[in-house]
Structure formats: structure tokens, C-alpha cells
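Student: First the structure, then my questions, so here it is.
The values are calculated or read from the model by the stated rules, or taken from the named source; none is laboratory data. Everything numeric in this text was worked out from a predicted model, so none of it was measured. Ideal geometry is used to build each Cβ from the backbone, glycine not excepted, and the neighbour counts take in all protein chains shown. Remember, those area values only see protein heavy atoms, side chains included, never the ligands or the DNA or RNA. Shrake-Rupley method; radii C 1.70, N 1.55, O 1.52, S 1.80 Å.
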Amino acid sequence: MGLGNGSTSVLTAKRPFPRPRVPLPTRLPQLLPELLLLFAVDSIYKYGRKVANGQTDAAYRHADNVWSFERALHLPSEHSVQQLMLHSETVIHTANYLYATVHFPAMAIFLGWMFVKKRAHYLWIRRAIVIQTMLALIGHLFFPLAPPRMLHGAGMIDTASVYGPAVYGKPDGDSMSNQFAAMPSLHVGWALAIAVGLIAAYRSRWRWLWLLHPLITMLIVVGTANHYWLDCIVGSALLGLALAIIPGPVTDPPAPLPGRGHWAWPLKRVPVPADAGLGAVPEPATRSTAVPTERSRS
């Protein structure tokens, strides 16, 4: 019996496999409030778009004004961009597909990645996106705007309904979405927010290629006749306004070179003391070259 108790204690003390560690529950207290906040923002935004629906006369009047204003500024015509894309049915079908499928999933993936990998930058860019989205909702409420595909005389077609995949129904019968919410473009604004967040969070020399995301998105929304150039400009400007009124991310920078700073975010350079992050380096041990004495030989 004594032998049995001893063997049991040995097996208890020495586990054959390490206890599995599950880090996810430790993050749940921080994840759940974020999910609730993002869900609330999305719900308010969608509800606000429905409330703003039905302002048909104002939407078409504003569309004429925007088109005339862009021509007065000598901006390139949205019609010319669409004509270039219409040379290839594959290109226009791909543009319609990207317009219909990338917008929300890309933002969800981006926020999830930043929450897990870059927590300080996540908090910073999430605040900016929330402010940008709420400002865009104000634009939808007070400046209804018919997109170029609905503007008579512009010569643009609804590429989604012609080539597919279609996103919207008929404006008069589509009560689930507000097709007169062209101003500003959150497709472009959110794409720019993703690019800015990734550029700020990483240090690779290739990170600036993320700017291709908002650039391609802008060409897509214009070429498919869903937005004007001015929609894209205002959507981007709202992000700039949000970034200007919130503080940059607070991060622990890697060991910098003496006398240099680091980019905490693209619009603000944070100075770093020359001795920051540099601890005392012990001198390397050297082999003694002294001639051994008689006592040491003995």
C-alpha cells in the first residue's frame, strides 16, 4: 500500500503532458465591449440611412449641383473612367463584384487583425473610424445625393444591373437601403482608414503599397457609377478630421537609434530620447593572458 501511494504521488508530480494554455478567455473581457460598440455603431449607421431615405427631389437636385461643381473644377469626368472600364467585360464584372463584397468584410478582418496583433494602434484607428462613420451619417441625413448611375444626362449606366452582380433594387421599391446616400463615400473612406492603420502599425518599406487599396477602391466606385469624385474626397477628408482630433497610439517603441525618433502615426512624429530603450551593455568577458605564477602551477 505504501508503494502504491508513492507511485501515485510521483505520477501526480510529473505530468506526462503540459497543461494546455488557452489565451482567448483572458481577452474576452476586452473583446466583448469592442464588439458591442462596433455593433451599436453599425446599427445606428444603418438606421440613420433608412431614416434619410426617400428624399428624392433633394437627392437629384444635389446631384446636378455636384456634377456642375466638379466640371467647374475641371475634374476628370466619371463618365470617361467608366468608358475605359467598359472596354473589358471582365474588368467591369470584377469591379462590380469587388464593390459588392469587399467593403464590410475587409473592415471586419482589419479590425480583428489589429485587435489581436496591434492593440494600441487598434484603439487609435477604431476611434477614428467610429468618428468618421458618424460624420458620414450626418452627411447622409442632411445632404441626400443621387449617385451618377441615377443622374440623367451624365451618360453613365448602372453597371451592376447590366453586368452583375446587382447590389441594389429599384430606388422606389428598395426600402432596405438608402441609394441616395452617395455623399460621402465610406467605401473609399474606410479603405483609406485600413491603409493608414496598417502603414502606422508596421515598419516595412513595402507598407506604403497599402495606399493602392483606397486608390483602386476609388476607381471602382467611380467607374461603376456609384460615387462622384467629390464623394471620395469628402470621405477621405472625414478620416483626416477624425485623426486630427484624437491622440496618436501610445506604444512601446523598439530600441531606436540614438538621436532619432519613430513614427507613432503618419501625421505626428514622436521624439525618442537618445538613451531610450538602450540598457547598459555588459563588457564581454576576455580571456586572461597573464603568465601563471608558481603558486598557480602548483
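Student: I'm checking my understanding of the structure. Among residues of segment 154-169 that are among the aliphatic types (A, V, I, L, M) and assigned to a helix (DSSP H, G or I), which one is least open to solvent (accessible area, probe 1.4 Å)?
Tutor: It comes out as Ala160.
Student: What number of residues in segment 203-232 are more than 29 Å from Asn65 (Cα to Cα) and among the hydroxyl-bearing types (Ser, Thr, Tyr)?
Tutor: Looking only at that region, the number is 1.
Student: Applying the selection to segment 128-153, what residues are farther than 13 Å from Asn226 by Cβ and not in a helix (DSSP H, G or I)?
Tutor: Answer for segment 128-153, where residues must be farther than 13 Å from Asn226 by Cβ and not in a helix (DSSP H, G or I): Phe143, Pro144, His152, Gly153.
Student: State the number of residues belonging to segment 37-66 that are outside any helix (DSSP H, G or I) and among the hydrophobic types (A, V, I, L, M, F, W, C).
Tutor: 1
Student: Could I ask something else about it? Could you tell me whether Phe69 is modelled with pLDDT of 95 or more and either among the polar types (S, T, N, Q) or in a helix (DSSP H, G or I) (or both)?
Tutor: Considered against the rule, which asks whether it is modelled with pLDDT of 95 or more and either among the polar types (S, T, N, Q) or in a helix (DSSP H, G or I) (or both), Phe69 comes out as yes.
Student: Another question, then. Residues in segment 92-104 that are farther than 12 Å from Ala160 by Cα and either open to solvent by 70 Å² or more (accessible area, probe 1.4 Å) or of a type outside the set (A, V, I, L, M, F, W, C) (or both): how many?
Tutor: 3
Student: Does Ala120 fit the bill of being farther than 28 Å from Ala63 by Cα and modelled with pLDDT of 95 or more?
Tutor: Judged against the criteria, Ala120 is not a match.
Student: Which members of segment 79-94 meet the condition of being in contact (Cβ under 8 Å) with a residue 12 or more places away in the chain, assigned to a helix (DSSP H, G or I) and within 23 Å of Gly153 (Cβ to Cβ)?
Tutor: His79, Val81, Gln82, Leu84, Met85, Ile92
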